[in-house]
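Any read-out appearing in this document is the output of simple, stated calculations on the displayed coordinates, not a laboratory observation. Here the structure is a predicted model, which means the values were calculated and not measured. Don't worry about glycine lacking a Cβ; one is built from the backbone with ideal geometry, like all the others, and counts go over all protein chains shown.
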Amino acid sequence: MVVLVLYQLASGWLMSRYPVGGSKLATYELHSELGLSILLLAILRFAWRLFVPNPINDAQAPEWQQTASHLTQYLFYGLFAMLPLSGWAMWSAIQPVEPLRIGGVIAIPPMPFHTLSPAWQFQVLDWAESLHVLGVVGLSLLVPLHVGAALKHHFWDRDDVVRGILPEIRDDETAPDHTQYTPRVG
Ligand code: HEM
Ligand code: HEM
């Protein structure tokens with residue numbers, strides 16, 4: 001998700017500055033389809049988080065830092081919903097609406113704005129664009145704060161907060177050592 005989110009920030013910024021043409025449209029389409037994949041992944045991730053809590057760590061952080069970290073994580077989830085939904089609204093208010101497919105397979109219908117008058121479609125586009133840009137600004141401020149805090153935990157405080165999000169590697173001494181080969185005699 002980190003790679004997808006960073007790609008979205010870069011491609012969104014670039015595509016708004018491309019001259020009108022084929023590559024602008026193709027980038028819009030990829031940006032929109034990957035953005036909707038982020039929405040799907042965020043829902044799955046949120047459902048997973050309801051059952052599996054965050055990894056336990058040995059950070060000795062003061063209360064305000066714990067609050068700041070939780071607030072950042074909630075805001076990330078909010079942005080994972082707000083950015084794709086506002087993008088989807090924008091996509092649906094631009095005529096003619098082209099179909100979008102997540103991963104080239106799952107077809108996503110446009111939001112039902114085609115029944116509105118052209119003036120209202122422009123209004124929806126305008127609101128959705130403002131929300132999208134607000135989300136972009138929020139994400140661009142939160143990501144460096146979040147990554148900076150993670151790096152501080154790792155290199156300054158030297159606790160296991162960053163190691164906690166990596167897949168668990170067993171270091172159980174009693175586990176059988178499959179790296180040793182003992183030839184059978186006889
Ligand atoms: C986490 C997901 C997303 C992120 C981080 C993101 C990020 C961005 C960024 C950085 C821009 C450029 C803003 C600017 O400089 O004006 C942008 C524009 C845009 N995005 Fe997204 N986006 C996401 C999801 C989506 C989705 C799902 C869609 C459509 C289904 C979409 C449609 C658009 C459109 C149409 C624009 C162009 C707006 C304009 O021309 O002003 N985005 N996005
Ligand atoms: C686009 C960039 C990033 C976003 C949007 C992001 C988002 C998130 C979210 C939503 C969580 C909440 C936990 C969860 O739901 O699984 C989280 C946790 C975490 N992230 Fe990130 N993250 C980003 C980049 C990074 C990077 C680059 C690092 C490491 C250098 C990092 C380190 C962590 C750590 C250590 C936690 C766990 C904190 C805890 O246990 O309380 N994140 N991140």
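A few remarks follow.
- Longest exposed-site-free window of the chain, the sites being GluC sites (Glu not before Pro) in a DSSP loop that have at most 14 other C-beta atoms within 10 Å: 1-167
- Convex hull volume of the C-alpha atoms in the chain, normalised per residue: 221 Å³.
- Database remark: amide H of LEU100 closer than 5 angstrom to the amide H of ILE108 (H placed geometrically; neighbours at sequence offset of 5 or more, or on other chains; Pro and chain starts carry no H).
- Note on region 76-134: the C-alpha convex hull projects to 4.4 nm² when averaged across all orientations.
- Helix 22-51 vs. the chain, principal-axis angle (Cα, 0 to 90°, nearest 10): 50 degrees
- Long-range amide H partners of VAL161 with built H, under 5 Å: ASP58
- Degrees between helix 63-93 axis and first principal axis of the chain (Cα, 0 to 90, nearest 10): 40 degrees
- Alpha-carbon spread of region 40-80, three principal axes, descending order, Å: 34, 21, 11
- Once exposed loop trypsin sites (Lys or Arg not before Pro) are cut out (DSSP; at most 14 other Cβ, 10 Å), longest piece of the chain: 1-157
- Gyration tensor over the Cα atoms of region 74-174: the corresponding equivalent ellipsoid has semi-axes (square roots of 5 times the eigenvalues, largest first) of 41, 19, 8 Å.
- MRE, 222 nm, helices only [DSSP H, n ≥ 4, -39500 (n - 2.57), over the chain, to nearest 500]: -21500 deg cm²/dmol
- Acute angle (nearest 10 degrees) that the helix 118-151 long axis makes with the longest principal axis of the chain, alpha-carbon atoms: 20 degrees
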